[in-house]
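Notes follow once the structure below has been shown.
The values are calculated or read from the model by the stated rules, or taken from the named source; none is laboratory data. Computed from a predicted structure; not experimentally measured. Glycine also receives a Cβ, built like all others from the backbone with ideal geometry; neighbour counts cover every protein chain displayed. Quick note on the areas: whole protein, heavy atoms, side chains included, nothing else; ligands and nucleic acids left out. Shrake-Rupley method; radii C 1.70, N 1.55, O 1.52, S 1.80 Å.
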Amino acid sequence: MRLVTTALSVALLAAPAFAQDAHDYVAERVDAREDMAVDTAEKLWNWAEVGYQETQSTDLLQSRLESEGFEIEEGVAGIPTAFIGEWGEGGPVIAILAEMDALPGISQSASPTREIVEGKHAGQACGHHLFGSASVTAALAVRDWLEETGTPGRIRVYGTPAEEGGSGKVYMARAGLFGDVDTVLHWHPSDQNKANPGSNLSNRSGRFTFTGVSSHAAAAPEKGRSALDGVEAMNMMVNMLREHVTQETRIHYVITEGGEAPNVVPDSAQVYYYVRNPEVDGLEAVWARVLKAAEGAATGTGTEVDVEVMHGNRPLLANESLQKRMHENLQEVGGVEYDAEELAFAEKIRESLDSPEIELGSQEEVYPYEMEQSYGSTDVGDVSWVAPTAGLRTATWVPGTSAHSWQAIAAGGMSIGHKGMINAAKVLAMTATDLYTDEALLQSAKDEYQSLIGPDFEYYALLGDREPPLDYRK
């Protein structure tokens with residue numbers, strides 16, 4: 001364990017109460033709050049509130065912070081469940097993101113076998129209950145350290161709703177809420193322990209609603225103009241487009257409305273599209289062609305089309321200055337060790353997995369540091385374009401488990417998930433103390449960020465100027 005080598009070390013060594021490394025201190029404070037962290041996570045897991053509906057979840061996270069002196073600003077960026085909590089004064093502003101939303105259409109008990117919970121129509125299949133709880137716990141540990149050492153600095157928690165398709169953080173970034181932040185830290189539940197730099201895909205989604213003319217499909221077909229024909233024509237053209245895009249591009253859709261009866265020409269139909277590409281410019285180019293397909297489909301079928309952009313996320317901007325330090329801190333904390341009961345649970349879960357790619361036992365290890373490219377998307381991407389940002393993953397799920405699965409819900413609802421959550425809180429808190437005490441690290445992160453975005457970059461939100469879709473999950 002290395003010693004703090006800044007002026008703060010003098011203060012730490014001057015008094016017996018402070019004669020310990022900053023990492024040890026915040027790790028101990030996280031451990032001291034483990035019961036609170038688990039209780040918070042369990043409540044969010046049980047409530048399983050979906051995007052922009054996280055009223056109980058956000059109230060609980062805010063109350064945890066407010067009870068320990070954080071000043072709370074709620075309802076930010078026009079989102080009732082979004083908030084900012086801050087403690088401290090002067091010094092750097094270090095932000096920690098706190099997600100909370102669940103996924104609709106899936107539920108599961110904390111059992112290693114499939115067990116749908118009757119009457120429950122959502123579940124924490126991406127582990128955001130652990131995310132929110134760990135972030136708050138880390139911030140409280142940092143608050144303790146700032147107060148005990150008298151270190152100037154502000155620790156700030158951003159309560160970020162609706163990550164799952166709602167782009168909550170994009171509205172917060174668009175509102176300029178990260179403008180005075182020095183660095184942003186985040187994490188995510190996983191089946192692995194890693195703090196690797198990397199990027200993912202930018203994306204934009206939209207609902208394409210076609211409007212036609214209804215008629216009797218047999219008695220007066222010539223009088224009808226099928227909105228469903230518009231949807232199908234658009235889908236056909238977009239599917240032909242797939243041959244002429246880069247291999248990293250992803251396009252996927254579902255028909256959300258197609259009519260009710262075969263003998264009625266449908267006058268309304270809708271298709272919901274996601275378009276993804278590693279680069280924003282690439283995304284914009286493909287999206288423009290998708291719009292042309294929609295326009296052509298409407299012209300060819302005698303219908304009209306309306307496009308509502310639902311959400312849009314930029315790709316993650318990797319900051320290696322921050323990621324290398326976070327990786328070191330994750331190595332210091334280590335992986336997750338199962339007791340006998342947890343091992344039996346994990347072995348049972350493994351029986352339900354389809355060809356898991358990593359071995360049971362890998363949850364104890366930290367993956368090597370390397371650059372990565374993923375094919376998902378997250379609204380954390382937008383945050384990384386407005387402030388230096390770094391994140392990590394910890395093994396809250398049984399190795400081989402994929403996100404958005406019942407197996408993820410199950411492990412996240414018991415001690416396996418809780419152990420990974422506590423490890424994440426420690427790494428976040430340790431990295432924050434490094435940023436308060438290591439001026440060179442902080443400056444390096446800022447310099448790298450400026451180099452990455454370039455001198456002419458001007459942020460804009462890929463979802464445009466639309467208001468937050470507060471009812472998108474209703």
Determine the pairs where a residue that is within 25 Å of ALA138 (Cα to Cα) and in contact (Cβ under 8 Å) with a residue 60 or more places away in the chain, located within region 97-110, has a partner that is of a type in the set (Lys, Arg) and buried (at least 24 other Cβ atoms within 10 Å of the Cβ) with Cβ atoms under 8 Å apart, the partner being 6 or more residues away or on another chain.
-> LEU97/LYS169
Identify, please: which residue in region 362-402 is among the β-branched types (Val, Ile, Thr) and part of a loop (DSSP other than H, G, I, E, B) and is, among those, farthest from ILE106 (Cα to Cα)?
-> VAL386
Going by the structure shown, is GLN373 open to solvent by 60 Å² or more (accessible area, probe 1.4 Å), under 30 Å from ASP434 (Cα atoms) and modelled with pLDDT under 95?
-> yes
Turns out the strands (runs of 3 or more DSSP E) fully within region 178-297 with at least 1 residues that are of a type in the set (A, V, I, L, M), at pLDDT 95 or above and open to solvent by 30 Å² or more (accessible area, probe 1.4 Å) are 250-257
Looking at ASP354, is it open to solvent by 50 Å² or more (accessible area, probe 1.4 Å), part of a strand (DSSP E or B) and among the charged types (D, E, K, R)?
-> no
Considering only residues of region 327-351 that are in a loop (DSSP other than H, G, I, E, B) and among the charged types (D, E, K, R), which is nearest to LYS419 (Cα to Cα)?
-> GLU337
Does TYR436 satisfy being surrounded by 18 or more Cβ atoms within 10 Å (Cβ to Cβ) and in contact with a strand residue (DSSP E or B) (Cβ under 7 Å, 6 or more places away or on another chain)?
-> yes
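So that you can scan it fast, the table gives a plain yes or no per residue for (1) more than 30 Å from SER111 (Cβ to Cβ); (2) at pLDDT below 95; (3) open to solvent by less than 20 Å² (accessible area, probe 1.4 Å):
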residue: HIS23; (1), (2), (3): yes, no, yes
residue: ARG29; (1), (2), (3): yes, no, no
residue: GLN53; (1), (2), (3): no, no, no
residue: GLU66; (1), (2), (3): yes, no, no
residue: GLY69; (1), (2), (3): yes, no, no
If you go through region 304-322 one residue at a time, how many are buried (at least 24 other Cβ atoms within 10 Å of the Cβ) and among the polar types (S, T, N, Q)?
-> 2
Output yes when any residue across region 112-122 is aliphatic (A, V, I, L, M) and open to solvent by 20 Å² or more (accessible area, probe 1.4 Å), and no when none is.
-> yes
If you scan region 247-266, which residues turn out to be farther than 17 Å from GLY206 by Cα and either touching a Pro at 6+ places or on another chain (Cβ under 8 Å) or among the aromatic types (Phe, Trp, Tyr) (or both)?
-> GLU248, GLY259, GLU260, VAL265
Top-ranked residue in region 123-150 [being open to solvent by 10 Å² or more (accessible area, probe 1.4 Å) and over 21 Å from LYS426 (Cβ atoms); ranked as modelled with the highest pLDDT] | CYS126
If you take the residues in region 150-206 that are aromatic (Phe, Trp, Tyr) and more than 11 Å from the chain's Cα centre (by Cα), which one is nearest to SER444 (Cα to Cα)?
-> PHE178
Residue pairs within 6 Å by beta carbon, gap of at least six or interchain, first lying in region 138-157 and touching a residue at least 12 places away in the same chain (Cβ under 8 Å), second open to solvent by 10 Å² or more (accessible area, probe 1.4 Å) and in a strand (DSSP E or B), listed first then second, are ARG143/TRP87; LEU146/GLY88; GLY153/GLY88; ARG154/GLU86; ARG154/GLY88; ILE155/TRP87; ILE155/GLY88; ARG156/GLU86
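Residue-by-condition table, conditions (1) open to solvent by 30 Å² or more (accessible area, probe 1.4 Å); (2) within 23 Å of the chain's Cα centre (by Cα); (3) aliphatic (A, V, I, L, M); (4) at pLDDT 95 or above:
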| position | (1), (2), (3), (4) |
| --- | --- |
| GLY417 | no, yes, no, yes |
| ALA424 | no, yes, yes, yes |
| ALA432 | no, yes, yes, yes |
| SER444 | yes, no, no, yes |
| TYR449 | no, yes, no, yes |
| LEU452 | yes, yes, yes, yes |
| PRO468 | no, yes, no, yes |
Across region 47-88, the tally of residues that are among the aliphatic types (A, V, I, L, M) and within 16 Å of LYS169 (Cβ to Cβ) stands at 6
